[in-house]
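The next block holds one structure in the form of structure tokens; read it before the comments.
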Amino acid sequence: MNHRLLRSAFCVLFLIPTSQATQQPAQLTGTVRDPSGATIAGAEVTAEPSDGRPASRTATDSAGRFDLSLPPGRYRVRIAHPQFTPQVRSMTLAAGESQQWDVRLELERLSAAVVVTAQAEPVTAQNSTAPVHAIPAEEIERRQAVTLISLLATTPGIGFSRLGNEGGLTTLFLNGGNSNFTKFLVDGTPLNEPGGSLELSSFTVDNISKIEVVRGAASALYGSDALTGVVQVFTHRGRTTTPALDLLAEGGQFGTGHGRVRLSGARDGFDYSAAVAHLFTDGELPNDYFRNTTFSSNVGVQLPAGHMLRLALRQNTSDAGAPGQTLYTPVNRDQHHRLKHFTAHLSWEFFTGARWRHRLAGSETNLRQRFENPTSDFCFPDPPFLCDFPFSSGHEINRAGVSQQSSYLFPQGTVSFGYQFEVENGFLNSLHARRNNHGGYLDARLEPMRRLVLTAGFRVEGNDSFGVEAVPRIGASYTVRFGRGFWGATRLRISFGQGIKEPTLTQSFSGDPCFPGNPALRPERSRTLSAGIEQALAEDRVRVALDWFDNLFRDIASFTFCLAGGPCPVPPPPGCGSGFFGTFFNTDRARARGLNLSVEAKPVRWLQIAGHYSYVDSRVLESPNASDPSLIPGNRLFRRPVHSGSLLVGVAAWRTYWNLTGIFVGRRTDSDFLSLRIGNDCFGPCQTSNPGYVRIDLAVSYTLGRGATLFGRVENLFDKPYQDALGFPAYGLNAQGGLRFRLGGE
């Protein structure tokens, strides 16, 4: 008996140290830094055990360090910060072991607090010296937006024109500039045709997670077409380790339907997102139909040593009827417009050493567009002698380019330099035109002190049409005060830039013997200056931003008929005759100056308010070849309202979210382009301005649970008649509704 007790006591004494040793915790430590090497405070570190025990959490201190004491076992460790892309690693920790994980986090490009488009390297919004507006994925979903232009219509500084309803030719104006003065990018690939033309009728927001609008000339970084700013669209990226399948189906008035399927996810350095969507409507009028199919994908692969490969593809294919200016003419029953737009972007990013980041990329844009009007639906024998003439025309544009960028990153800023080469091919009916472009640029950002950010850059552009041009830009941001009370941070911004735009392929290379292109055209130019203030209030629950801008546009190309004794120095070729010959010249000048005011507020957790007001004082300064009275010198620029604004109110209550959107557009210079003027007599509508309007939309969503959300919206809630362009009436009150469902994800 005593022997058994002794043996038991011996075993207990022997096992106690062993048990204590096996329970000795492991230590996980590390330092979290941003791409420049500066430490990140406040990053959350989460260690989730594989056996289902509660996760352990901590945050990095002011020096970016973290220290976690953990029981031995296998963990999934995640390091995250709202402005950075999370890093995840699986690791096994033994008893008493110490492991160190030093992490470099990349700025989260899809975050509303990060700006990708303003500089060569991403920066936080507060460090941007140019006025920027971002539309994140949450706003896109809450507003139940279908088309891109419906989102951009509530953005400071943006106006737009749409010839009809869904599928009608759609263009935008930024800070008073022409519709071909804004560079438009999809994941880094230019969407514009050569010469800046851009048609947005078929661009839906399917698989879109963020939109950035940067105001001010940006040709120093982006080359041609960026005369008044840049708009960039970013497609969705997979984030969840469990694959997520998102389904959407909706329908409503005018025989409208919209469906979307998206699959996305991420695991072990591989992320993916792919979506297909279809939108259709019969419209309100005969021949007012619209059919649009969108495919979009974004795939990224994280390779060893920090290498990152990413491929983004997008294609829109549409067919739209064109009933015409039905307020002034009979319905055109057979004219239609087909469009196919494809973009691809492949990039490879990697570091050499701790400071040098490099990026190689290739991109391609292919556009096929066709307009057809097979028969004549009407022809009036009396003034203004309106006839529906049959026609068929089309073109195909291809832009393919490669680029290289190297950036030196350090805690006080970045210096980037790069080179771009692009080949433009155009098949304009029977004409084939080709143009090669080269560009080299330098872009720098410096923070010599905590309050001050300085930016500067320039570009040398070599273009087959206009030769070699150099354009600069500079900017500064100064934080007057920091604070988190009622009077929060106060920041001042100022920026200056010059922009250039190459001629269109038709303007340079048209082969029509009577209306040839002009290979001697100079680039169209802009000079933009902006200054602004941003004020945070009420412990950052309110943000007010005010920007003043002054834009000057010159060397704008216009078409000139070569009449006897007129401005055209070229004699008519044989067979053309006087008055039936002409070409393009750099003749026009214009200006646009004004203010953009935006206010964002979240006074309580369940209420969000955002509003903007834009004032644009524009003038045609020179226009010797004006083809319409609305375009003569002294008039305001075409279809650009003096006053415009929007108000967004979002209310989250129980399981519902209510979003009220109000849009105000003031009176604009416009034209019906149908009138015939003989002396003082006018035959036809003869309008040169378009009345303003106010439109209210309401969107409501209700969370059913288990991944299902019921939603609906009413557009033009008060059934107000209006026209975005003269003669093209917009929809009255109309309603849509549907169901959104998600399987998987996290």
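The values are calculated or read from the model by the stated rules, or taken from the named source; none is laboratory data. From a predicted model like this one, the values you see are computed outputs, not experimental measurements. Note that we place each Cβ from the backbone using ideal geometry, even for glycine, and neighbour counts take in every protein chain shown.
Each row is one residue, and each column tells you yes or no for (1) modelled with pLDDT of 95 or more; (2) over 23 Å from the mean Cα position of the chain (by Cα).
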{"position": "GLY321", "(1), (2)": "yes, yes"}
{"position": "GLY324", "(1), (2)": "no, yes"}
{"position": "THR329", "(1), (2)": "no, yes"}
{"position": "LYS340", "(1), (2)": "yes, no"}
{"position": "THR343", "(1), (2)": "yes, no"}
{"position": "LEU346", "(1), (2)": "yes, no"}
{"position": "GLY353", "(1), (2)": "no, yes"}
{"position": "GLY362", "(1), (2)": "yes, no"}
{"position": "LEU367", "(1), (2)": "yes, no"}
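Being on the phi > 0 side of the Ramachandran plot and either in the same structural domain as SER406 (by TED's automatic domain parsing) or within 14 Å of the chain's Cα centre (by Cα) (or both) holds for only one residue in GLY188, GLY257, GLY195, and it is GLY188. A single member of ARG33, ARG57 is more than 30 Å from SER406 (Cα to Cα) and either out of contact with any helix residue (DSSP H, G or I) (no Cβ under 7 Å at 6 or more places or on another chain) or of a type outside the set (Phe, Trp, Tyr) (or both), and it is ARG57. Of all the listed residues (PRO641, PRO685, PRO624), the sole one being outside any strand (DSSP E or B), within 23 Å of the chain's Cα centre (by Cα) and in the same structural domain as LEU733 (by TED's automatic domain parsing) is PRO641. For region 263-273, give me each residue that is in a strand (DSSP E or B) and out of contact with any Phe, Trp or Tyr (no Cβ under 8 Å at 6 or more places or on another chain). Listed by number, the residues that qualify are ARG267, PHE270, ASP271, TYR272, SER273.
Take the residues in region 420-462 that are among the hydroxyl-bearing types (Ser, Thr, Tyr) and modelled with pLDDT of 95 or more; name whichever of them is surrounded by the fewest Cβ atoms within 10 Å (Cβ to Cβ). The selected residue is TYR441. Once region 726-746 is narrowed to residues that are of a type in the set (Phe, Trp, Tyr) and assigned to a strand (DSSP E or B), the residue that is farthest from PHE254 (Cα to Cα) is PHE741. Out of all the residues in region 286-297, is one or more outside any strand (DSSP E or B), assigned by TED's automatic domain parsing to the domain that holds PHE417, in contact with a Lys or Arg (Cβ under 7 Å, 6 or more places away or on another chain) and surrounded by fewer than 20 Cβ atoms within 10 Å (Cβ to Cβ)? Scanning region 286-297, I find at least one residue that is outside any strand (DSSP E or B), assigned by TED's automatic domain parsing to the domain that holds PHE417, in contact with a Lys or Arg (Cβ under 7 Å, 6 or more places away or on another chain) and surrounded by fewer than 20 Cβ atoms within 10 Å (Cβ to Cβ), so the answer is yes. Within the option set ASN596, ASN586, being assigned to a strand (DSSP E or B) and closer than 30 Å to GLU534 by Cβ holds for one residue only, ASN596. Does any residue of region 41-57 turn out to be touching a Pro at 6+ places or on another chain (Cβ under 9 Å), assigned to a loop (DSSP other than H, G, I, E, B), of a type in the set (D, E, K, R) and within 30 Å of SER209 (Cβ to Cβ)? Checked against the condition, which is being touching a Pro at 6+ places or on another chain (Cβ under 9 Å), assigned to a loop (DSSP other than H, G, I, E, B), of a type in the set (D, E, K, R) and within 30 Å of SER209 (Cβ to Cβ), region 41-57 yields no hits at all.
If the condition is being touching a Lys or Arg at 6+ places or on another chain (Cβ under 6 Å) and farther than 18 Å from SER36 by Cα, then region 71-125 contributes VAL77, VAL88, SER90, THR92, LEU110.
Hey, does region 607-614 have a residue that's surrounded by 14 or more Cβ atoms within 10 Å (Cβ to Cβ) and at positive phi? No, there is no match, as no residue in region 607-614 is surrounded by 14 or more Cβ atoms within 10 Å (Cβ to Cβ) and at positive phi.
Condition check ((1) within 19 Å of SER646 (Cα to Cα); (2) in contact (Cβ under 8 Å) with a residue 60 or more places away in the chain; (3) among the small types (Gly, Ala, Ser); (4) not in a strand (DSSP E or B)) across all residues:
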{"residue": "VAL700", "(1), (2), (3), (4)": "yes, no, no, no"}
{"residue": "LEU704", "(1), (2), (3), (4)": "no, no, no, no"}
{"residue": "PHE711", "(1), (2), (3), (4)": "no, yes, no, no"}
{"residue": "ASP724", "(1), (2), (3), (4)": "yes, yes, no, no"}
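Residues being out of contact with any helix residue (DSSP H, G or I) (no Cβ under 7 Å at 6 or more places or on another chain), modelled with pLDDT of 90 or more and among the aromatic types (Phe, Trp, Tyr) are entirely absent from region 572-582. For region 503-543, filtered to residues that are part of a loop (DSSP other than H, G, I, E, B) and within 25 Å of THR455 (Cβ to Cβ), the residue that is modelled with the highest pLDDT is PRO523. Filtering region 328-348 to residues that are crowded, with 17+ Cβ neighbours inside 10 Å and closer than 18 Å to THR235 by Cα leaves HIS341, PHE342, THR343, ALA344, HIS345, LEU346, SER347. Within region 466-491, the set of residues being over 28 Å from the mean Cα position of the chain (by Cα) and either of a type in the set (D, E, K, R) or outside any strand (DSSP E or B) (or both) comprises PHE466, ARG481, ARG484, GLY485, PHE486. Among the residues of this structure, PHE234 counts as one that is closer than 19 Å to GLU364 by Cα and in a strand (DSSP E or B). For region 443-465, filtered to residues that are part of a strand (DSSP E or B) and polar (S, T, N, Q), the residue that is nearest to ALA120 (Cα to Cα) is THR455.
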